[in-house]
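Below you'll find the structure, written out as C-alpha cells, and then a few comments.
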Amino acid sequence: MGDEPRGAGRVVQICGRHVGARGHGRSAQGSGCGLVPGRLVRRSRRTLPRLPLRSRLCRSGQADHRRVERDLRALRQTMTLATPAAPAGMGEGFEAMRRRRRGVALPLALGLLLTILVIVPIGFMFLGAVRTGTFVDPGAEFSWRSVILVYTTLPYLRTLGVTVGASMLVSLLACVVGIALAWLIARTDVPWKRGLENAVIAPLYLSPFVGALAWLVLASPNAGLLNVLARDIFGISGSIVNVMTAPGIIAIMALYNVPYAYMTVSSALKGMDPAMEEASYLNGAGVIQTAMKVTFPVVRPAIISAFFFVFVLTCGTFSIPAALGGTQSMPFLAVDIYRATATYPIDYARAAAIGTLLFWISLIGVAFYRFASQVATRFVTVTARGFRMREVRLRGWRALAIAFIAIYVVLAIILPYLALFYVAFTSFTSASIANASYTLANFQAVVNSVAVRQSIFNTLLIGFIAPTACVLLGVTIAYANRRMKVHGGAFLDYVAMFPIAVPGIVFGTGIFWTYLMTPAYGTIWIIVFAFVASYVPFAYRMADTSIIQVDKALEEASALCGASHWQTARQITFRLIRPGILSAWILVFIFSVREISAAILLASPSNKVLSVMSWDYLEFGNVQNAAIIGLLQTAILVIGIFVGRFVLRVRLSENG
C-alpha cells in the first residue's frame, strides 16, 4: 500500500457510475476537480485525465470502459476550465461572450434610425427657415429673410420676451404649489396618502387642452359659468374671474404643470435621510424653520431641476394659450408657429424660423436642467443604513392641509369636468344654470358624425402604434447600451434623450418639412413618426432604469447553462423588466392620445385625431361640440389608465 500512487483505490462518480481510479494519476480530490453539487467549478485548463484502456473499470470489461469514456467526453464539452491562479469568476466568461458577439451592425442600425427620427427633422426645420417656400415650390430659393425677420424685428422679440417671462412665472407658481404638496404628502401625517397622491398627479394623465377648454366654459368674461352663477346668486355685475387674460393663462398653465414639479420634488423628499431634520428638531428648531433651513436646501437640486423642466415644457405649450386667447391676450411663440401655417398668408418659412428660435430657448433650459441634475449628486442623502421617515404631526393644521390639497384637485379636475358635462348635456348655455334643460341629442349627434368616428379610429390606431414603436426602440437601445455594451452607446443615449429639449410643435414643424414630399404626408404615419420621435425618451429612460435593476448574475447563470444571448434576453431579462415595459407603454399611450401640438401642424382631413377635431370645433365657435370631443378623449384616457393600473398591474405613481 505504501508504494501505491496517491489517490489509488478512490472512486470517481461520473454520470451515475462509479469508476475506479487506482494507480492512474491524481485522484479527483487531489487534482482539484472541485465537482460541487448544483454548480460547475472550473479549476484547470488541462482536460480531465483519460483513463488508460488497460484499466479494470467496474469489473465490466471493455464495454464499460467505452461508456465511461463517452461520459467523460460529454463532461469535457459542458465544462469550461479556468486556472486556479486567476480566479476571475464566472462573470468573465459571460463578458467574453458578449465581447465576441458585439459588432457594429446593431449600433449602426439604431444610430441611423434615431438620426432619421430625431436629427433629420431638426435639420430640415433649419433648412426650411432659410428658404422662401417649400421644397415643392419651383420658385422657392434660399434666403435669410424669415430668419432676419424673426430674430431682429420688434414684434417677434416682444413675443420671445413674453414667452420666456410667462414660462418663468408658470415654473415659479407650479414649483411653489408642487413643493408644498410634496412636503405635505411625503413629510406630514396627512391621511389617505396614496389616494391624495394619485389625485395630485391625475392632471398629468389628462389633456391640458381639455382642461383649458373647460376653464374657458367656466371663466370666460361674459358666459362663463362662474360669472353667471355670481350674477344669479349674488347679483354681481361684470365678471369675477376671467381666464382670457395674461394672468388667467399663466394660472391655468401653472395648474396643469404642478404634477411635474410634485413628482420631481416628492421623489427627493422620500429618499432623503431624516437624520439632519432630527438634529434640527433636537436643537430646538420648529417645523417651518427646519423645512426652510434643512429640508428644502437639501432637495434644492431637485427643485431647480423641476423649475427648468417645467420651463421647457411651458415654452413649447400651444394648447392653453391658443384656447384661452391666442395672440390677443398673450402672444406665445408656439401659437405664432401655428398661425403662420394656418392663417393667410401662409408662410412655412416663417414658421420654421420661429421654430428655430423656440428650439434655442428650450435647449438653454434643458442645459440648466441637466446641470441641476448633475449637481444633485453632491447632495447625497440616501445612505446604506436604514432609516424610518419621521412624519410631522400637523395636529390642528391637518384639516387646513387636506383643504389645500382638495382645492388643487377641485380646480384641476373636478370643477373643469363638471363644466364639460354641463355644456355637453344641455341644449344651450344660458344665463340661468338652474333652469337649463338636459338632453342627449348633442352627444348623439357628435358621436354619430362620420368625421368624429374617423378621428376616434385614428386616435386609437395611433395610440397603439406609437407606444409600441417607442417601447420596442427604447428597450432595444437600453439593452444594447447596458448589456451588450455596443460601440457608440453614448451617442445613442444622447440622441435618444435629445427630444426632451424639443417642444412638440417644433418637432411638428421639422416633421412637416421632412416628409412633405413623401407618401407619408397627409396620412396617420406622419403623426406616428412625430409621436415616436417626441416620446421615445420616456420609453427609453423607463426601460433603461428597469434593466439596471436586474442583477447580471441571473443572465450570467443562464449563459453558463448553455442559453444563447437571445434566449437569455427573452427568458430572463425581458421577463423581469416586463412591469417597466408596460408602464412605458401606458405612459406613451396617454401622451399620444392627448397630444395636440405636433398633431395640429400635421393634420389633414384623413388623419385627424380627437384633439385636432376638438380644436377645429373651438375655432368655429362651437364650444359645445368641442366639449363633447374632450369628454370622448378623456374617456379613452381613463380606460387606458384603468387597464394599465388594474388589469396589467402597472404602477402609475410613486406609491403604486
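Each reported figure results from applying straightforward, stated rules to the coordinates on display, with no laboratory input. Fair warning: this is a prediction, and the values are worked out from it, not measured in the lab. Cβ atoms come from the backbone with ideal geometry, glycine included; neighbour counts cover every protein chain shown.
Could you put E595, E277 in order, starting from the residue whose Cβ has the fewest other Cβ atoms within 10 Å?
Exposure proxy ranking, most exposed first: E277, E595.
So what J values fall out for segment 236-246 if you push phi through Karplus, 6.51 cos²θ - 1.76 cosθ + 1.60 with θ = phi - 60°, rounded to Hz, Gly and Pro as x?
So the J values, rounded to whole Hz, are 7, 8, x, 10, 8, 8, 9, 8, 8, 10, 4.
Pop a pseudo-label 7 angstrom from the Cα along the beta-carbon direction at both Q549 and L108 and give the gap in nm to one decimal.
Spacing of the two 7 Å Cα→Cβ label points: 3.6 nm.
Determine, for T134, T356, the number of other Cβ atoms within 10 Å of each Cβ, and report the residues in order from fewest to most.
Sorted ascending by nearby Cβ count, the order is T134, T356.
Calculate one ³J(HN,Hα) per residue across segment 627-636 by plugging θ = phi - 60° into the Karplus curve 6.51 cos²θ - 1.76 cosθ + 1.60, and present them in order as whole Hz with x for glycine and proline.
Here the 3J(HN,Hα) series is 5, 5, 4, x, 5, 4, 4, 5, 4, 5 Hz.
Show the residues, 5+ positions off or on another chain, whose built amide H is closer than 5 Å to the amide H of T426.
T439
When V176, V299, V118 are ordered from fewest to most other Cβ atoms inside 10 Å of their Cβ, what list results?
Starting with the residue having the fewest Cβ neighbours, the order is V176, V118, V299.
Could you tell me which of rounded, prolate or oblate describes segment 436-590, using a ≥ b ≥ c as the square roots of the eigenvalues of the alpha-carbon gyration tensor, with rounded for a/c under 1.5 and, failing that, prolate when a/b is larger than b/c and oblate otherwise?
Note, shape of segment 436-590 comes out prolate.
I'd like the Karplus ³J(HN,Hα) series for segment 352-357: coefficients 6.51, -1.76, 1.60, θ = phi - 60°, whole numbers in Hz, and an x wherever there's a Gly or Pro.
5, 5, 5, x, 5, 5
Sequence-distant or interchain residues sharing an amide H contact under 5 Å with V392, placed H: which?
Residues meeting the amide H criterion: T188, D189.
Under a 5 Å amide H to amide H cut-off, with H placed in plane at 1.01 Å, what residues pair with R131 once short-range neighbours are removed?
Residues meeting the criterion, in which the H sits 1.01 Å from N, are S143.
So, in Å, what gap is there between the alpha-carbon centers of segment 438-505 and segment 404-427?
First find each Cα centre; the distance between them is then 28 Å.
Can you work out the FRET efficiency for the pair I116 and T468, with r the C-beta to C-beta distance and R0 = 25 Å, to the nearest 0.05?
0.85
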